[in-house]
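Structure first, then comments.
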Amino acid sequence: MTTLAIKPRKFAMPGPLQVWLAGLATIMVAGLAAGLIVLSRGLVVTNLTDLVPWGLWITIDLSAIAMSAGAFSLSAAVYLLGLKRLAPLARTATFIGLIGYSMAVLCLMLDIGRPDRFWHALVFWNPHSVLWEVTMCVTLYFTVLVIETAPIFGGLPWLKRRWPRISHLLVGLHRLAPVLALAGLGLSMLHQSSLGATYGVLKARPIWHRPDLSVLFMLSAIAGGQALTVLATTVTARLRPRIKLDAEALDKVTRFIGWTLVVYTYIRFWDALSMTYTYLPGRTEGLRWLTSGPFAFNFWVGEILLGAVVPSLLLLAPRLRQLGWTRTVALALVVGGVVAYRWDVNLVGQLVLLSYLP
Amino acid sequence: MVIDQATCVGCGRCTLACQATNDINPNIAWNVVLKVGQLDGQDVYLPRPCMHCEHAPCVEVCPVGASYYRADGIVMMDYDKCIGCRYCEVACPYGARAFNWETFDGRNPAVPLWGETEVERRPRGVPEKCSFCFSRIDRGLALGLTPGVDAEATPACVNICPMGARAFGDLNDPESPVSRLLAKYPSYRLREDLGTGPRVYYLPAREEGAEG
């Protein structure tokens, strides 16, 4: 694929697809190099400390998983609620999910101190641990995603020509779709919310120690995952004019994203307001860091204004939603808002230290 | 363990003995001494080992069960099981854990001046913490000694303290040094409100001449 981009004589003016692929290849090479450095020299190169042991890797990991939430929610809509029109979108979402979870798993492999022992959670169980539950769910759900995407790969023309039997077998897996959608729904609901609970169960960090984190993680993941799915679909259609879009289905999904954002903002508002009533030392301090401290810009502009309020308005006003560029901007803002939310949650809890004396 | 803040002068020898005995990377520490305030013009210190909580958040959250309770209550680390996710480090209210961000393969500067190494060095990529010198306790018990009474069966930080600010022993035994101190003086534990049940007790700094 990359050879297309590095043969300039053949393409005097590289088309948008070539530019895209070249950019993608650059990022992948940089990522590979960074990964090798971490593996050989250890996590010391990441500048993580004992004060903030979870940083950028975790944020990427959480965001990648959140962005994959389109897969389970749209598959459930198609195969459990019977909204057959969304089937092409669910296919795209499932593929994005496969990429997202691969990315998350690869990031986690680099983020843990002993990548050679990644399989330990599957063998040595601690059912008390939320992170154990997340690991099991992610592993099982990744398997579900592989089976769900198998028909897409099975349908590739060259596979059909070369190995018709394998192709037939993979395409046949499509019959399992409703069962897989159900399994995916269960596993995803479990771990998407548990990623919030991973933070929420920690007494040591008062700003995290609340029941709402799991609900907020779930809602933001559904909004972000579906937003990325629609965004990817429209961008692909731009690059490959052959692809036909179902305008009505896209419209339905984007409106749903808009309403999800409204619910998310509503719960977020009460969650933040209730924090001001508890006067818990670390919690009040953390909230202050978010609303008027070093995270204020990220919080008000990145998370609330651009991440939730503006896109929900753009996606809920029918005329703006149907306009191509406003919808694209709104969807990109949703994705950015979810990443900003994960980043802020992760950092603020670690930076506000608990006093030793009550 | 009981730590008397009234007698601790913050010399930091407990940290050095710990570094040597447990062969810890000089960039990290299991046992730190913090300056927390002043009383009668004297600095007050807070030495902080692992609290060996009765309900330890690190044990609850570890996805692979690498942090676990020993039968005697010591919170242990299985460094061969640990995957290095650092959830325990984020979960500990006392900041008692330190991660091996890089390989420690040099000479330990605390050896031999502050003690001899008694346990295996941990690899890069796992968090580590105070173990109440479990190897000294186990060997001592096997020899029929009493931890907290006989130095050979007592954690290194307790032995080295020039002020005798630390005491160690079995909290279930009313005759142990720790039980006697706790019966005599008022004490507190760090963040008891969290319900972790720390097993390190502090005797607060007292005003000059005041009896506990």
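Restricting attention to the range A:114-156, report how many residues are within 11 Å of chain B (Cβ to nearest Cβ) and of a type outside the set (A, V, I, L, M, F, W, C). The qualifying residues number 11.
Of all the residues in the range A:52-82, those that are part of a loop (DSSP other than H, G, I, E, B) and in contact (Cβ under 8 Å) with a residue 40 or more places away in the chain number 6.
The residues on offer are B:64, B:75, B:119, and the sole one that is at the interface with chain A (Cβ under 8 Å from one of its Cβ atoms) and touching a helix residue (DSSP H, G or I) at 6+ places or on another chain (Cβ under 7 Å) is B:64. Note on the range A:16-51: residues that are outside any helix (DSSP H, G or I) and surrounded by 15 or more Cβ atoms within 10 Å (Cβ to Cβ) total 3. The set of residues from the range A:12-41 being within 14 Å of another protein chain (Cβ to nearest Cβ), free of Cβ contacts under 8 Å to residues at least 24 places away in the same chain and not hydroxyl-bearing (Ser, Thr, Tyr) comprises A:37, A:41. Within the range A:349-358, being part of a helix (DSSP H, G or I) and either crowded, with 23+ Cβ neighbours inside 10 Å or of a type outside the set (A, V, I, L, M, F, W, C) (or both) holds for A:349, A:350. Checking residue A:97 against (1) more than 14 Å from chain B (Cβ to nearest Cβ); (2) more than 22 Å from the chain's Cα centre (by Cα); (3) of a type in the set (Gly, Ala, Ser): exactly one of these is not met. Which one? Among (1) more than 14 Å from chain B (Cβ to nearest Cβ); (2) more than 22 Å from the chain's Cα centre (by Cα); (3) of a type in the set (Gly, Ala, Ser), residue A:97 violates only (2). Screening residue A:245 against (1) in contact with a Leu (Cβ under 7 Å, 6 or more places away or on another chain); (2) in a loop (DSSP other than H, G, I, E, B) leaves a single unmet condition, (1). Considering the range B:198-212, the residues that are at pLDDT 95 or above and not basic (Lys, Arg) include one that is farthest from the chain's Cα centre (by Cα), namely B:203. Residues that are over 30 Å from residue B:95 (Cα atoms) and aromatic (Phe, Trp, Tyr) were ranked within the range A:148-204; the one that is surrounded by the most Cβ atoms within 10 Å (Cβ to Cβ) is A:153.
Exactly one residue among A:327, A:342, A:283, A:321 is of a type in the set (D, E, K, R), within 14 Å of chain B (Cβ to nearest Cβ), in contact (Cβ under 8 Å) with a residue 40 or more places away in the chain and in contact with a helix residue (DSSP H, G or I) (Cβ under 7 Å, 6 or more places away or on another chain), and that residue is A:283. Does residue B:35 meet the test of being basic (Lys, Arg) and either in a loop (DSSP other than H, G, I, E, B) or facing another protein chain (nearest Cβ under 10 Å) (or both)? It is false that residue B:35 is basic (Lys, Arg) and either in a loop (DSSP other than H, G, I, E, B) or facing another protein chain (nearest Cβ under 10 Å) (or both).
Being among the polar types (S, T, N, Q) and at the interface with another protein chain (Cβ under 8 Å from one of its Cβ atoms) is the requirement here; does residue B:108 meet it? The answer is no for residue B:108. Here residue A:81 meets the list (1) surrounded by fewer than 18 Cβ atoms within 10 Å (Cβ to Cβ); (2) of a type in the set (A, V, I, L, M); (3) within 21 Å of residue A:235 (Cβ to Cβ) almost entirely, failing just condition (3). Here residue A:252 fulfils each of the conditions (1) among the basic types (Lys, Arg); (2) away from chain B (no Cβ under 14 Å); (3) closer than 30 Å to residue B:36 by Cβ apart from (3).
Residue B:22 passes every criterion in (1) polar (S, T, N, Q); (2) in contact with an Asp or Glu (Cβ under 8 Å, 6 or more places away or on another chain); (3) within 12 Å of chain A (Cβ to nearest Cβ) apart from (3). Test residue A:265 against the stated conditions and say whether it is in contact with a Leu (Cβ under 8 Å, 6 or more places away or on another chain), polar (S, T, N, Q) and in contact (Cβ under 8 Å) with a residue 12 or more places away in the chain. In short, no.
So for the range B:182-202 (the condition being among the small types (Gly, Ala, Ser), buried (at least 20 other Cβ atoms within 10 Å of the Cβ) and away from chain A (no Cβ under 14 Å)), does at least one residue qualify? No, the range B:182-202 has no match at all.
In summary, helices (runs of 4 or more DSSP H) completely within the range A:142-229 and bearing 1 or more residues that are touching a residue at least 60 places away in the same chain (Cβ under 8 Å) occur at A:177-200. Checking the stated criteria, residue A:272 turns out to be away from chain B (no Cβ under 14 Å), out of contact with any Gly (no Cβ under 7 Å at 6 or more places or on another chain) and of a type in the set (Gly, Ala, Ser).
The values are calculated or read from the model by the stated rules, or taken from the named source; none is laboratory data. Remember, predicted model here, so these are calculated numbers, not experimental data. Here Cβ is always computed from backbone atoms with ideal geometry, including for glycine, and neighbour counts include all displayed protein chains.
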